[in-house]
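Nothing in this text is a laboratory measurement; each read-out follows from the coordinates by a stated rule. No experiment lies behind these values; they were computed from the predicted model shown. Neighbour counts run over all protein chains shown; Cβ positions are idealised from the backbone, glycine included.
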Amino acid sequence: MDRTNFLRDVTGIAALNEPVRRDLYLFVVGQPGPVGRDQASDGVGVARHTAKFHLDKLVEDGLLDTEFKRLTGRQGPGAGRPTKLYRRSGRQFEVTLPERHYDLAGQLMAQAIDDSARTGEPVVSALHAAAAELGARVAVQTRDDAAPADPEQRVAIVRDVLTAHGYQPRQQDRTITLLNCPFHLLAQEHTALVCGMNLALLGAVAENSGGGLLTARLDPAPDRCCVVLTVG
């Protein structure tokens, strides 16, 4: 889990726990265009200074963006100061506990469908190839960060990378189990498809981490990822 993104998302979502702030956010994002403080305060039924305070907090927390525009359409001297307007931020906020990455699964499956349609390759084979390509890119992080040649330190770096991607690795002796599956609900309903994708992804991470330190295999068990890594 990326702690910086996690903290940002939790802070942003928690900001909506305040009723006035939540109402202002819902009002702003429900409008066809950016809105000013007067329009927002009238729309929610709060004082203008209250709307200003909460709107600016929503900007601070990344939920809203601002722009400045002269609403009269006049230009030049005497046209007046531009009005500060609020609109929905382009950021995406998402918190799932335990950590899930269904968006990543969707991206891999969409890529596989595109590749299959283009080349005629069976879609499951294309999915495994897309997952392996991603796993190889993930493994680059372990090679870039793994200046030490010591095998234990290299394995520790792989564990850290897997942690950042939501797998919650735990090592006991030569076995690394992954306590969380980022694709849990999909794996429950489409077990063979998702576990095969996961094996291709994690197998490529193991293979490309350097030094032949790790191998990946399927070993399904309740309440954890279906893939297990073996050290050495």
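Here are a few things to note about the model shown:
- Of all residues in the range 187-212, those satisfying the criterion of being surrounded by fewer than 20 Cβ atoms within 10 Å (Cβ to Cβ) and hydrophobic (A, V, I, L, M, F, W, C) are Ala192, Leu193, Cys195.
- Between His190, His128, the distinction of being touching a residue at least 12 places away in the same chain (Cβ under 8 Å) and more than 30 Å from Leu7 (Cα to Cα) belongs to His128 only.
- Among all residues of the range 168-175, there is at least one that is closer than 19 Å to Ile157 by Cα, in contact with a Ser or Thr (Cβ under 9 Å, 6 or more places away or on another chain) and charged (D, E, K, R).
- Selection of the range 168-201 for residues being within 19 Å of the chain's Cα centre (by Cα) and closer than 19 Å to Leu127 by Cβ yields Cys181, Pro182, Phe183, His184, Leu185, Leu186, Ala187, Val194, Met197, Asn198, Leu201.
- Tally, over the range 1-32, of residues that are in contact with a Leu (Cβ under 8 Å, 6 or more places away or on another chain) and outside any helix (DSSP H, G or I): 1
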